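Reading through the C-alpha cells given below for one structure.
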Amino acid sequence: MVHQLSPQIQLLKTSGDDPASLAALMNQFLESMRIRGLSEYTVHRRCHVFRNFAAWCEGRSLNQPKDITKPILERYQRHLYHFRSANGSPLSFRTQYIYLTAIQGFFRYLGKQNLILSNPASDLDLPRFGQRLPRGVLTISEVEQILNVIDLKGNVGIRDRAILETFYSTGIRRLELIRLHLFDLDIDRQTLMIREGKGKKDRMIPIGERALAWIRKYLEDVRPGWVMEPDKGILFLTIRGEFISPHMLTQTVGEYLEKANIGKKGSCHMFRHTMATLMLEGGADIRYIQQMLGHAKLETTNIYTHVSIRKLQEIYMATHPGAKLERKIPDPKTFEKAEEQLATEEELFSSLAAEAEEEDTKQ
C-alpha cells in the first residue's frame, strides 16, 4: 500500500453558506479531482491556487461564478504579474502560468457541469516563459564536499547520509524519496521501485553500491531504534518514527549545502540535476536518463521509449560516478550508442528546471 500525503482541503470561507458560491464550487472541483484519481499532492497544490484566487475575489465582493468575467480574470492576471513576495521577488512567468491554467481548469469544469453559461477563462492569454537550464549543478568534488560535512557520530547523520546518497545515486524527486517503503528496495538486485511517481506512474531504477551501503547501515543501526509499532514500512523515518515532511527534507538538504560552503544554493532538486548531468557527461543516451528521472516524455517530444531495467543498469553503472564503491572512468564502449537522440540536452534540462520551479512554488 502506498501512503499518500493527506493535506486538509480548506478554502477561505465566503459570506453565507451558498452551495453555488465560488469557494463551495472550488471545493466541489477539488473533490472531483480526487474522484478522478489525481494525487493528494496535486489536489493540495490546486487548493493553494484556489485559496489565493478566492481571497482576491472576496476582497472585491466577487463571490459567485457569474461575477467573474474575462476582464476580471485579466485584472487578476495583472495582480499576479505585479505581486511581490515578502523578500521583494516577483512570481516567475511559469508560476503565473500554473496559477492561471488551474483557474482555467476550474471554469472549464463549471462549463461541463452546466453551472455557467459561458467560460470567461477560455480565451485568456497566458504568459510565455522560455526554456531554462537548471539553476545549479554540482561537480563530483562538490558532492563529496557536501557529503563529508554530515556528522556521522549520531543516528540522524547516518540517516541523512543515506538520504543524500540516495538522491545523488538515483535523482528521484523529493516526494518520491519520502514515500519509499522497505519493500521498494531490492538490495540484491540493486534496484529501487518508485511507486506512483509524478503522473501516478511506477518505474524501477538502479541504485548505486555506495548508496546501498549507507542505506544498509541506516537499516541496521538506526531505523530499528526509531520505528514505532505497528511498523508501516516507511524507509526513511524521523526520530519519532514518522514520515519526513517535504519541508523538513528541503530544509535538511539545504542546510548541508550551506554548511559545505560551495557557493551554491539549492536543495533536493540540485542532486536530481546533478545526477542527470553527470550521466550525460559520462556518455549516457538521454533516453536512459529520461527513464531514471521518470519523464514519460520531454516537453517538446511525444516519443516515449521503454527501456529494460537490465539495460538501464548497464548504462547507469557505466556513466554514474557514484554507482560503484570504487569509481572508474567510464568507457563509452561499455554500452551501445543509441541510433538517434530522442531529445536534446536543452529539452532535458529545461524539463528539470520546470520541475524545480514548480516545486518551489509550494502550491
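None of the figures in this text is laboratory data; all of them are computed from the coordinates on show. This structure is a prediction, so every number in the text was calculated from the model and none was measured. Backbone-built Cβ (ideal geometry, glycine too); neighbour counts: all protein chains shown.
What translational D, rounded to a whole number of µm²/s, comes out for the range 22-112 from Stokes-Einstein when the hydrodynamic radius is the Kirkwood one over Cα pairs, at 10 °C and 1.306 mPa s?
On the way: Rh = 13.8 Å.
The diffusion coefficient I find is 115 µm²/s.
Considering only DSSP states other than H, G, I, E and B, which trypsin sites (Lys or Arg not before Pro) in the range 156-242 qualify as loop sites with at most 13 other Cβ atoms within 10 Å?
Arg189, Lys201, Arg240
For the pair Met248/Lys217, report the inter-label distance in nm, with labels modelled 7 Å from Cα in the Cβ direction.
2.2
Between Leu325 and Asn261, how high is the FRET efficiency from 1/(1 + (r/R0)^6) when r is the Cβ-Cβ distance and R₀ = 25 Å? Nearest 0.05.
0.40
Could you work out the per residue convex hull volume over the alpha carbons of the range 163-232, in cubic angstrom?
About 93 Å³ per residue, rounded to a whole number.
Determine the gain in length on full extension of the stretch Arg60-Thr42; use 0.36 nm per residue of separation and subtract their C-alpha separation, reporting nm with one decimal. Can you show the working numbers first?
Values: separation 18, 0.36 × 18 = 6.48 nm, distance 2.77 nm.
Gain on stretching Arg60 to Thr42: 3.7 nm.
For each of Ile140, Ile150, count neighbouring Cβ atoms within 10 Å of the residue's Cβ, then give the residues from fewest to most.
Lowest to highest Cβ neighbour count: Ile140, Ile150.
Report, in listed order, any pair from Lys153/Lys217; Lys66/Lys112; Lys264/Lys324; Lys232/Lys259; Lys201/Lys264 with a Cα-Cα distance greater than 23 Å.
Table pairs above 23 Å Cα-Cα are Lys264/Lys324; Lys232/Lys259; Lys201/Lys264.
Among the chymotrypsin sites (Phe, Trp or Tyr not before Pro) within the range 243-273, which fall in a DSSP loop and have no more than 12 other Cβ atoms within 10 Å of their own Cβ?
Sparse-neighbourhood loop chymotrypsin sites (Phe, Trp or Tyr not before Pro): none present.
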